[in-house]
1. Kindly check whether there is at least one residue in the stretch 173-188 that is assigned to a helix (DSSP H, G or I), buried (at least 20 other Cβ atoms within 10 Å of the Cβ) and not aliphatic (A, V, I, L, M).
2. Cβ-Cβ below 9 Å, separation at least six or inter-chain, first residue in the stretch 421-435 and touching a residue at least 40 places away in the same chain (Cβ under 8 Å), second of a type in the set (Gly, Ala, Ser): which pairs?
3. When the stretch 340-388 is examined, which residues are found to be more than 30 Å from Ser427 (Cβ to Cβ) and either of a type in the set (Val, Ile, Thr) or not assigned by TED's automatic domain parsing to the domain that holds Glu194 (or both)?
4. Can you name every residue in the stretch 419-438 that is polar (S, T, N, Q), part of a loop (DSSP other than H, G, I, E, B) and modelled with pLDDT of 95 or more?
5. List pairs: first residue in the stretch 221-243 and charged (D, E, K, R), second residue part of a loop (DSSP other than H, G, I, E, B) anywhere in the structure, Cβ distance under 9 angstrom, at least six positions apart or on different chains.
6. Of all residues in the stretch 115-129, count the ones that are assigned to a helix (DSSP H, G or I) and either among the aromatic types (Phe, Trp, Tyr) or farther than 12 Å from Phe52 by Cα (or both).
7. Suppose the filter is assigned by TED's automatic domain parsing to the domain that holds Leu133, closer than 27 Å to Gln113 by Cα, polar (S, T, N, Q) and in contact (Cβ under 8 Å) with a residue 40 or more places away in the chain; does Ser409 pass it?
8. Out of (1) assigned to a helix (DSSP H, G or I); (2) at pLDDT 95 or above; (3) out of contact with any Cys (no Cβ under 8 Å at 6 or more places or on another chain); (4) closer than 22 Å to Tyr318 by Cβ, the odd one out for Ala151 is which?
Amino acid sequence: MDTEEIKKLKQLVCSTIDDNSEKIINFSKSVEREPELGFKEKKTSQKVKNIFDEIGLKYRDRLAITGVKAKLKDNCDGINVAVLGELDAVICRGNKNADPETGAAHTCGHHLQLGALIGAALGLKLSGISQKLDGNVTFMAVPSEECIEFAYRQELMQQGKIHFLGGKQELIYQGEFDDVDIAMMMHSMKNSPEPTVLIGESSNGFLAKTIQYLGKAAHAAEAPEQGVNALNAAIIGLMGVNALRETFKDEDYVRFHPIITKGGDVVNSIPDDVRIESYVRAKTIEAMVETNKKVDRALEAGGDAVGAKTIIKTIPGYLPLECSSVLGGMYKDNCSALLPAGNVLEGGHFFASTDMGDVSQLIPSIHPYIGGVSGSLHAKDFNVEDYYAACVLPAKLFAMTIIDLLVNSAEKGNDIVKNFKPKLSKSEYLKILNEFNKVTGESEK
């Protein structure tokens with residue numbers, strides 16, 4: 001297939017997406033009106049399935065509780081390219097669209113991701129070009145990217161319903177990525193109301209931590225010398241981590257941002273139970289491991305200093321995002337066909353984290369950032385200014401990139417897969433997550 005024929009295929013798919021732009025936008029708005037938190041996205045999941053039913057895409061559902069997975073073709077050899085969209089919202093009670101009971105709100109733009117997912121599915125299916133693609137396309141609506149509600153997720157783990165905090169992690173564990181060769185997902189870009197695309201490169205991974213200091217209660221005025229002050233232990237532990245900050249390498253982009261979730265019970269008693277939650281973030285797996293050891297050492301020293309017991313529970317968060325530069329370049333070329341050069345930007349490193357990072361450690365992936373929204377992510381001022389730019393445009397870009405990957409015996413797609421060097425195999429990936437999951441200090445003192 002020559003360049004002109006490929007161009008016509010892209011025009012046909014983009015025209016089909018434009019013909020369905022109202023449906024795509026209305027779908028995204030419907031999801032925005034009924035936000036649901038991770039592993040609880042039943043209504044949102046059903047909305048995705050309704051669209052798949054409408055256009056004749058067969059799917060499997062209830063994957064990692066609420067996930068949905070459809071394929072463009074029923075039976076197909078060759079490489080398989082997945083387009084992903086996340087089902088869950090975040091808690092942001094101040095946002096105008098927040099659920100009044102749960103506080104859930106789509107201030108991270110996952111409803112726009114789903115719009116792009118649905119848009120790409122509509123374009124590729126209804127345009128009738130599937131037989132011109134030498135490979136398959138998978139459309140995955142995935143649960144629970146926001147790493148929140150730890151207690152609820154730990155209950156699900158105890159019940160055997162999930163094994164990891166993140167939806168993509170759980171889907172990897174369940175084998176739902178075993179047949180996927182390339183993955184693509186977009187994300188909204190803060191403070192970018194105009195049609196804009198930023199090609200992201202990398203982001204931090206993280207480990208989640210809960211720290212408990214157990215001391216001894218005593219009357220704070222009458223007999224403080226008889227107590228063991230767990231709050232002092234916590235303060236010393238946190239100051240110990242702060243004293244380590246000069247040892248964190250700039251190129252590792254380390255972040256440690258704790259909160260004290262329990263500082264004591266009453267003001268006239270020496271605190272005997274103080275609790276902290278935090279993330280340890282870094283750019284590479286190696287930096288995550290190294291920094292986590294330093295942080296644990298400092299936190300334990302806080303307890304040792306006052307004679308308190310220190311219990312540290314570490315939970316595997318998400319691995320660092322490392323995007324495929326070749327795949328990103330192909331995506332960027334398609335951006336140039338739809339946007340002025342000044343609206344297509346190169347991204348560097350981002351300090352936040354996503355479980356798309358876990359996927360990127362296993363298979364070639366991209367995670368571009370898309371404009372059309374104002375305000376900050378996870379904030380009450382987040383607002384969609386241009387739904388077309390925010391979800392219809394990225395649907396076109398996904399579809400166009402898929403065409404590039406799968407035409408002509410999927411030559412470009414096969415080249416990307418062949419030359420990709422995964423950082424981890426699936427077995428190595430699961431092993432490292434299990435190694436991250438540990439508790440120290442429970443049997444001590």
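The values are calculated or read from the model by the stated rules, or taken from the named source; none is laboratory data. Here the structure is a predicted model, which means the values were calculated and not measured. When we count neighbours, we look across all protein chains shown, and the Cβ atoms used for this are built from the backbone with ideal geometry, even at glycine.
1. Checked against the condition, which is being assigned to a helix (DSSP H, G or I), buried (at least 20 other Cβ atoms within 10 Å of the Cβ) and not aliphatic (A, V, I, L, M), the stretch 173-188 yields no hits at all.
2. Partner pairs satisfying both residue conditions: Lys423/Ser360; Lys426/Gly175.
3. Passing the criteria: Val344, Ile370, Val373, Val384.
4. Ser425, the sole residue that qualifies.
5. Glu222/Asn268; Glu225/Ala218
6. Number of matching residues: 4.
7. No, not satisfied.
8. With respect to (1) assigned to a helix (DSSP H, G or I); (2) at pLDDT 95 or above; (3) out of contact with any Cys (no Cβ under 8 Å at 6 or more places or on another chain); (4) closer than 22 Å to Tyr318 by Cβ, Ala151 is out only on (2).
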